[in-house]
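The structure appears right after this line, and notes come after that.
The values are calculated or read from the model by the stated rules, or taken from the named source; none is laboratory data. Just so we're clear, the structure is a prediction, and the values are computed from it rather than from any experiment. Ideal geometry is used to build each Cβ from the backbone, glycine not excepted, and the neighbour counts take in all protein chains shown.
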Amino acid sequence: MAKNRVLPPLPSLLAFEAAARLQNFSQAAAVLGMTQSAISQHVTMLEQTIGQPLFRRLHRGVVLTEAGVTLHGAVGRGLDTIESAMAELRREPRMPALSIATDFGFASFWLMPRLEALARALPEVEVRIVTSQHAPHQAQPDTDVTIVFGSSGAGSTLLFVETVVPVCSPAFLERHRGDDGAVDWARLPLLDLEGPEPARWLSWHDWFALMRLSPRRRRETMVHLNTYPLVVEAAMLGQGAALGWQPLVDRHLSSGALVAMTAERVTTDRGYALIEPPAAAGNPAVPAFRRWLLAECGTGGSSPA
């Protein structure tokens, strides 16, 4: 365990350094905006701590003792180092920062695989990603941009619409497909992503209705999970069928870790969208990120919705 530093108070060291440099308590007091008695008290405190005098008092000033010379050299080097570091930091321009708020699914499956590309596009930008359990539907406080899910509105830029297909592991599909290749959706174990009410994304109930299938009645065959990464992980482990949002699951479909269970895709007028709060307008990293994001999403320079 690291030991705590045993050091005199900084004001006492500053008072001593000024008195030693000027060899005069009155002049040190004037430089530091203190009284002569305060300088004297700080020096006396240091001498009591060390156990030996630091100055020899003369009629018109002071001179350092041997102990004073040693301490003055150490204090001077320390202050010089701090002063140099502060000057260097003032000269160095601060790296611009960009904070991105989004949900676990978008961050895990879309943004994370592209972090290297993002770093190349914004090489001088410090990126911070803030995720939440459910997809935000409005700009998040203290962030520069928010990638929201839902119905895009004024001030947002649509990235891609909600496109959904049921997915599962290849082994799961093999176990639950009949001899004719069909799946018994009434009995199939399902993985459900819990969401807020009213729901802002497609549910299994919605999908069954759009596919003109009878609604599910066997709730015991549905497992509810509260984050999309958990849903996808369970699907890849063969625990059930999940709704696959594209392009979030595209990488898993391409690798074969997941397979689409139907040829039909359901598309809605919802989707992921980019929101840039007015407060972030002065951040030069925001337009650079916007250009990169739209290019990656294949939306080009689409105008705000």
Quick check: is even one residue across segment 259-277 in the same structural domain as Phe208 (by TED's automatic domain parsing), at pLDDT 95 or above, more than 24 Å from Gly155 (Cα to Cα) and of a type in the set (Gly, Ala, Ser)? yes
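Considering each of Glu116, Glu88 in turn, give the residue that is free of Cβ contacts under 8 Å to residues at least 12 places away in the same chain, surrounded by fewer than 16 Cβ atoms within 10 Å (Cβ to Cβ) and farther than 30 Å from Gly244 by Cβ. Give the derivation first.
Numbers: Glu116 fails: farther than 30 Å from Gly244 by Cβ.
None of the others qualify; the one that does is Glu88.
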Could you grab me the full set of residues in segment 278-305 that are closer than 20 Å to Leu248 by Cβ, surrounded by 14 or more Cβ atoms within 10 Å (Cβ to Cβ) and modelled with pLDDT of 85 or more? Phe289, Trp292, Leu293, Leu294, Glu296, Cys297
(1) surrounded by 13 or more Cβ atoms within 10 Å (Cβ to Cβ); (2) over 30 Å from Ala121 (Cα atoms) all hold for Leu98 apart from (2)
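Consider Leu118 carefully, then state whether it is part of a helix (DSSP H, G or I) and closer than 30 Å to Ala279 by Cα.
Values: part of a helix (DSSP H, G or I): yes; closer than 30 Å to Ala279 by Cα: yes.
The answer is yes for Leu118.
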For residues that are in contact (Cβ under 8 Å) with a residue 12 or more places away in the chain and either among the hydrophobic types (A, V, I, L, M, F, W, C) or under 15 Å from Thr146 (Cα atoms) (or both), tally how many sit in segment 265-290. 15
Out of segment 154-196, which residues are assigned to a loop (DSSP other than H, G, I, E, B), touching a residue at least 12 places away in the same chain (Cβ under 8 Å) and not aromatic (Phe, Trp, Tyr)? Ala154, Gly155, Ser169, Ala186, Arg187, Leu188, Pro189, Glu194, Gly195, Pro196
I'd like to know if segment 4-12 contains one or more residues that are on the phi > 0 side of the Ramachandran plot, outside the structural domain of Trp245 (by TED's automatic domain parsing) and of a type outside the set (A, V, I, L, M, F, W, C). no
Within segment 13-64, count every residue that is surrounded by fewer than 16 Cβ atoms within 10 Å (Cβ to Cβ), among the polar types (S, T, N, Q), free of Cβ contacts under 8 Å to residues at least 40 places away in the same chain and part of a loop (DSSP other than H, G, I, E, B). 2
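Does Pro136 satisfy the condition of being closer than 26 Å to Ala97 by Cβ, part of a loop (DSSP other than H, G, I, E, B) and either modelled with pLDDT of 90 or more or outside the structural domain of Thr268 (by TED's automatic domain parsing) (or both)?
When the stated conditions are applied, Pro136 does not pass them.
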